[in-house]
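Trainee: The structure's right below; bear with me while I get my questions together.
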Amino acid sequence: MVHMEGGFQTEYGTMLQQLAYVSFQELATRISHRNTGRASGDPTCERLLAKIAADENLHMLFYRNLLKAAFDLDPNQTMRAITDVVTTFQMPGSTIEGFTRKAMIIAHEGIYDLRLHLDDVLMPVLRQWAVFDKSDLDGDGAKARDELAAFLEKTDATAARFVERREERRARAAAMR
């Protein structure tokens with residue numbers, strides 16, 4: 001409630017950055033809600049969160065399509081905005097007290113983690129925008145795309161390590177039962 005009453009403001013100053021942020025954030029929230037519903041083991045909770053997730057998906061489609069159109073107007077500035085957001089992305093709840101600890105619990109349970117963020121949020125949206133196929137980027141736009149590619153490669157390695165360690169912990173826990 002404290003978080004909801006206080007509201008959430010992103011650090012992004014441009015409209016393109018805001019559109020990029022919500023394109024990813026709405027999809028991330030959709031996936032998190034769906035996985036939370038499944039993990040709850042409660043059919044009512046799962047149905048409720050599935051309904052909320054479907055609404056989040058409609059938001060994502062709207063924002064994603066707006067940003068796709070922005071590429072037609074200014075591909076370099078749009079690419080810069082996307083890279084700025086992807087490389088600094090935080091969920092709205094990140095301002096909640098104890099968020100990091102709670103996020104780790106959620107990640108350890110497989111509800112939402114870096115692997116899901118990369119594979120199910122970032123990459124599908126980036127593919128939809130065809131960011132790595134754009135031939136009209138130059139200057140800062142081309143530089144931003146290179147930065148994005150390097151960030152995604154590093155993120156992939158980090159996500160792989162996390163999943164590997166999580167599976168090792170699960171195997172140890174199962175062996176102790």
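Trainee: Carbon-plus-sulfur fraction of the accessible area of the chain, 1.4 Å probe, in percent?
Mentor: The value for the chain is 56 percent carbon and sulfur by accessible area.
Trainee: To the nearest 10 degrees, how steep is helix 75-86 against the longest Cα principal axis of the chain, on a 0 to 90 scale?
Mentor: Its long axis makes an angle of about 20 degrees.
Trainee: Lysine pairs in the stretch 14-176 with Cα distance under 25 Å, only those 8 or more apart or on different chains: how many are there?
Mentor: Value for the stretch 14-176: 7.
Trainee: Equivalent-ellipsoid semi-axes (√(5λ), Cα gyration tensor) for the chain, whole Å, largest first? If you can, show how the numbers build up before the last one.
Mentor: Numbers: eigenvalues 182, 83, 45 Å².
Each semi-axis is the square root of five times an eigenvalue, giving 30, 20, 15 Å.
Trainee: Just from its helices, what would the mean residue ellipticity at 222 nm be for the chain, if runs of 4 or more DSSP H residues each count -39500 (n - 2.57) and the sum is divided by every residue, rounded to the nearest 500 deg cm²/dmol?
Mentor: On the way: 7 runs with 129 residues, N = 177.
Value at 222 nm, helices only, nearest 500: -25000 deg cm²/dmol.
Trainee: If you split all Cα-Cα distances of the stretch 66-141 into 10 Å bins from zero, what percentages do you get per bin, shortest first?
Mentor: Bins of 10 Å from zero give 16, 41, 25, 16, 2 percent of pairs.
Trainee: Per residue of the stretch 58-63, in order, report the coupling 6.51 cos²θ - 1.76 cosθ + 1.60 (Karplus, θ = phi - 60°) as ³J(HN,Hα) in whole Hz, putting x for Gly and Pro.
Mentor: 4, 4, 4, 4, 4, 5
Trainee: Additional query: Roughly how many Å² is the accessible area per residue of the stretch 14-176, as a whole number, for a 1.4 Å probe?
Mentor: Accessible area per residue: 55 Å².
Trainee: Another question, then. By how many degrees, 0 to 90 and rounded to 10, does the Cα axis of helix 139-176 deviate from the longest principal axis of the chain?
Mentor: For helix 139-176, the angle is close to 10 degrees.
The values are calculated or read from the model by the stated rules, or taken from the named source; none is laboratory data. Bear in mind that the values here come from a model prediction, so they are computed numbers and not experimental data. Heads up: the accessible areas ignore ligands, DNA and RNA and are worked out on the full protein's heavy atoms, side chains in. Shrake-Rupley method; radii C 1.70, N 1.55, O 1.52, S 1.80 Å.
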